[in-house]
Amino acid sequence: MKERDLLHDVRAHLSIGDDVRLFRMTVGFDELARQRYGVPGMSDLIGWRRLVIVPADVGTELAVFTAIELKSDRGKATAAQLAFLNVVKEAGGFAGVARNLNEARAILRLTAL
């Protein structure tokens, strides 16, 4: 599956309702404005998954930062991308590389389809 198709598939299936919000991120350089946008190594999708904390904070909802780097079957994450994912994980967020929808669901600790 091409990354473009995987991106569409993952966003269509995971960004349903209020529990998971994923946003497309782009990194590059605008030639006309001569300005860089995005953060080098930033994942294709960032966002959050809402969780309920128990037992002391029953009912409290949190937004957990999420970074999903999407790759085709043969695609490889760059060192900068892996470093970004590690920073998110170390901070307590959900982060990882996904090659299909079930891998993306696993990063978010959602059950497989």
key: Failed item in (1) exposed (fewer than 13 other Cβ atoms within 10 Å of the Cβ); (2) under 29 Å from M1 (Cβ atoms), with V58 passing the rest   = (2)
task = Can you work out which of the residues in the stretch 89-107 that are surrounded by fewer than 20 Cβ atoms within 10 Å (Cβ to Cβ) and touching a Phe, Trp or Tyr at 6+ places or on another chain (Cβ under 9 Å) is farthest from R49 (Cα to Cα)?
result = A91
task = Might you check whether a residue that is in contact with a helix residue (DSSP H, G or I) (Cβ under 6 Å, 6 or more places away or on another chain), of a type outside the set (S, T, Y) and touching a residue at least 40 places away in the same chain (Cβ under 8 Å) occurs anywhere in the stretch 73-86?
result = no
key: Scope the stretch 63-110; condition in contact with a Lys or Arg (Cβ under 7 Å, 6 or more places away or on another chain), hydrophobic (A, V, I, L, M, F, W, C) and farther than 15 Å from F23 by Cα; matching residues   = A77, V97
task = From S43, S72, S15, grab the single residue that is at pLDDT below 85 and surrounded by 11 or more Cβ atoms within 10 Å (Cβ to Cβ).
result = S15
query = Which condition number does P55 fail, the rest of (1) modelled with pLDDT of 85 or more; (2) in contact with a strand residue (DSSP E or B) (Cβ under 7 Å, 6 or more places away or on another chain) being met?
reply = (2)
key: Inter-residue pairs, beta-carbon under 8 Å, first over 13 Å from L101 (Cβ atoms) and in the stretch 5-25, second in a helix (DSSP H, G or I), 6+ apart   = R24/L7; R24/R11
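The values are calculated or read from the model by the stated rules, or taken from the named source; none is laboratory data. Please read all numbers here as calculations on a predicted model, not as lab measurements. Glycine also receives a Cβ, built like all others from the backbone with ideal geometry; neighbour counts cover every protein chain displayed.
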